[in-house]
Amino acid sequence: MGLLAALRLFCVSGCLLLLCGSSWGNNASVPLVIWHGMGDSCCNPLSMGAIKKMVEEEVPGIYVLSLMIGKSVVQDTENSFFMDVNEQVSFVCDQLAQDPKLKGGYNAMGFSQGSQFLRAVVQRCPDPPMKNLISVGGQHQGVFGLPRCPGESSHICDWIRKMLNSGAYTDAVQKHLVQAQYWHDPLNDDLYKKHSLFLADINQERVVNETYKKNLMSLNKFVLVKFLQDTMVDPVDSEWFGFYKPGQAKELETLQESAIYTEDRLGLAEMDSAGKLVFLATDGDHLQFTQEWFNDNLLPYLR
């Protein structure tokens with residue numbers, strides 16, 4: 001889900017002053033890989049372009065790679081709606097493996113759906129190694145609703161909602177609609193586990209892949225950012241790995257109450273005990289934060 005609308009708001013209101021603030025860091029900084037959200041692109045000057053520039057100014061000498069999925073910004077934006085997520089992850093894994101600047105490892109920061117996509121990268125592709133993963137408004141237990149689909153075309157968003165509501169787990173929708181691949185219907189849990197091509201796999205819903213678990217646990221820190229006034233992610237608790245209790249869509253459970261934690265399918269319980277999980281919260285709607293908050297809370301993990 002895109003950062004464009006939020007950053008446009010900040011640019012108008014003056015809350016996000018991308019060119020201010022003191023700089024710190026050195027030329028030996030760990031590289032940073034960022035992945036945008038739905039309806040956004042790698043290089044939009046009001047979103048990922050602004051984040052890239054801000055980090056580069058705050059951490060002199062850092063190499064920041066903002067992922068482009070496709071051969072152009074237009075393709076990148078379209079692919080955030082329509083390209084199979086598993087293919088996107090494979091595309092990124094190949095790109096990272098071929099980048100000599102990342103050989104020694106890198107930090108990663110995902111925005112909205114880019115967060116769970118980067119988690120798939122660390123679980124599936126340990127070389128080069130990801131050191132820290134920062135999830136900014138990611139939906140790690142998926143979504144059951146799409147209240148404010150961002151993008152240039154409301155027609156596209158209306159069509160996506162129709163497809164999700166009518167048949168999220170049909171083969172055609174699963175293979176060709178990104179958001180269906182992290183659609184998590186608690187009222188049809190068996191259907192979700194059987195037919196989800198992406199989320200059910202990376203969340204170990206069918207079988208436990210010990211390699212996935214080992215690779216995720218190799219992170220130094222897994223930082224989860226939740227937006228307390230989020231009107232886009234449904235339920236917002238998914239940003240901290242929470243979700244609806246199975247079989248209904250009213251009562252929520254925390255990560256610590258869920259089977260993914262109690263059965264420790266991903267190693268999150270062990271990571272939590274070791275202090276590797278970091279839960280951060282900020283006021284504001286989806287992906288809305290100030291530079292001061294970003295600098296105070298997220299930049300320390302990029303040193």
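The values are calculated or read from the model by the stated rules, or taken from the named source; none is laboratory data. Keep in mind that what you see is a predicted model, and the values were worked out from it rather than measured. Heads up, the Cβs are rebuilt from the backbone with ideal geometry, glycines too, and the neighbour counts pull from every protein chain shown. With ligands, DNA and RNA removed, areas are computed over all heavy atoms of the protein, side chains included. Shrake-Rupley method; radii C 1.70, N 1.55, O 1.52, S 1.80 Å.
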Open item on the list: Quick check on the stretch 38-112: take the gyration tensor over C-alpha atoms, sort the square-rooted eigenvalues as a ≥ b ≥ c, and tell me if it's rounded (a/c under 1.5), prolate or oblate.
Closed with: oblate
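Tell me, what is the per residue accessible area of the chain in Å², probe radius 1.4 Å?
Values: 12400 Å² over 303 residues.
The answer is 41 Å² per residue.
Using only Cα atoms, what Kirkwood radius does the stretch 172-303 have, in angstroms? Don't skip to the answer; put the middle values down first.
Values: mean 1/r = 0.0616 Å⁻¹.
Averaging 1/r across every pair of different Cα atoms and inverting gives 16.2 Å.
Rounded if a/c is under 1.5, else prolate if a/b is larger than b/c, else oblate: which is the stretch 55-170, with a ≥ b ≥ c the root eigenvalues of its Cα gyration tensor?
Numbers: a/c = 1.98, a/b = 1.83, b/c = 1.08.
Here the stretch 55-170 falls in the prolate category.
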Task: Shape metrics for the stretch 107-168, restricted to C-alpha atoms - Rg then Dmax, Å - done: 14.5, 40
Task: Simple label model, 7 Å out from Cα along Cβ direction - CYS43 to GLU263, nm - done: 4.4 nm
Task: Distance in nm between pseudo-label sites at ARG303 and PHE279 (7 Å out along the Cβ direction from Cα) - done: 2.5 nm
Task: Phi to ³J(HN,Hα) by Karplus 6.51 cos²θ - 1.76 cosθ + 1.60 over the stretch 90-101, Hz, x for Gly, Pro - done: 4, 4, 5, 4, 5, 5, 5, 5, 8, 8, x, 6
Task: Karplus 3J(HN,Hα) series, Hz, for the stretch 192-206 with 6.51 cos²θ - 1.76 cosθ + 1.60 (x for Gly, Pro) - done: 4, 4, 7, 10, 5, 7, 10, 5, 4, 6, 6, 9, 6, 7, 9
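Return the loop-located GluC sites (Glu not before Pro) in the stretch 215-303 (DSSP other than H, G, I, E, B) with at most 16 other Cβ atoms within 10 Å of their own Cβ; answer none if there are none.
Values: sites: GLU239, GLU251, GLU253, GLU257, GLU263, GLU270, GLU292; in loops: GLU251, GLU263.
Listed in order of number, the matching sites are GLU251, GLU263.
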Task: Over 22 Å (Cα to Cα) - which of LYS53/LYS101; LYS213/LYS250; LYS101/LYS213 fall in this group - done: LYS213/LYS250; LYS101/LYS213
Task: Gyration tensor verdict on the stretch 106-226 (Cα atoms; rounded if a/c is under 1.5, prolate if a/b is larger than b/c, oblate otherwise) - done: oblate
TODO: Give, in whole angstrom and from largest to smallest, the semi-axes √(5λ) of the equivalent ellipsoid of the chain, with λ running over the eigenvalues of the Cα gyration tensor.
DONE: 27, 22, 19
Open item on the list: Principal axis extents for the stretch 239-303, Cα atoms only, whole Å, descending order, please.
Closed with: 40, 29, 12
Task: Solvent-accessible area, 1.4 Å probe, carbon plus sulfur percent, for the chain - done: 53 percent
- [ ] Over all alpha-carbon pairs of the stretch 188-254, lay out the pair-distance distribution in 10 Å bins, whole %, shortest bin first.
- [x] 17, 41, 36, 6
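What order do you get for 127-140, 217-230 when each peptide is scored by the mean count of other beta carbon atoms within 10 Å, highest first?
On the way: 127-140: 23.7, 217-230: 19.1.
Result, highest mean Cβ count within 10 Å first: 127-140, 217-230.
Between LYS214 and SER166, what is 0.36 nm times their sequence separation minus the Cα-Cα distance? Round to one decimal in nm.
Full-extension gain reported as 13.6 nm.
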Task: Nearby aspartates and glutamates by direct alpha-carbon distance to LYS214 (threshold 12 angstrom, same-chain neighbours under 8 apart not counted) - done: ASP264, GLU270
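Taking the Cβ of LYS175 as the center, what net charge do the other residues with Cβ under 10 Å away carry, scoring Lys and Arg +1 and Asp and Glu -1? Don't skip to the end; give the middle numbers.
Numbers: positive: none; negative: ASP84, GLU87, ASP171.
Cβ neighbours under 10 Å give a net charge of -3.
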Open item on the list: Between GLU253 and PHE82, what is the label-point separation in nm under the 7 Å Cα-to-beta-carbon projection?
Closed with: 3.8 nm
